[in-house]
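**Student:** Here you go, one structure.
The values are calculated or read from the model by the stated rules, or taken from the named source; none is laboratory data. Model, not experiment: these values are computed from the prediction. To get the accessible areas, we keep the full protein, side chains included, count just its heavy atoms, and leave off ligands, DNA and RNA. Shrake-Rupley method; radii C 1.70, N 1.55, O 1.52, S 1.80 Å.
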Amino acid sequence: MMDQTLEVLLRQYRDKRSQLADAVSSASAKDYAEYRAICGEIRGLLTAESYLLDLAKNLENSDE
């Protein structure tokens, strides 16, 4: 089971990513530069989420 702190972070990452994806899909970016910035933020959140899931897995394995 994942630690509550990690669950909160994971939920926040996913909520923000969802908001950004909605912004991209509704064409709310003013220009290509803003579009690229949003895509970069999404990519960063995905990377952070991956690291967080790896950390949670390592913590679970260390308890065993």
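**Student:** Please go through the range 1-32 and give me each residue that is farther than 30 Å from LEU59 by Cα and open to solvent by 70 Å² or more (accessible area, probe 1.4 Å), ordered by number.
**Tutor:** ASP22, SER25, SER26, ALA27, LYS30, ASP31, TYR32 - these are the residues of the range 1-32 that are farther than 30 Å from LEU59 by Cα and open to solvent by 70 Å² or more (accessible area, probe 1.4 Å).
**Student:** I would also like to ask the following. Going through the range 1-36 one residue at a time, which ones are part of a helix (DSSP H, G or I) and hydrophobic (A, V, I, L, M, F, W, C)?
**Tutor:** LEU6, VAL8, LEU9, LEU10, LEU20, ALA21, ALA23, VAL24, ALA33, listed by residue number.
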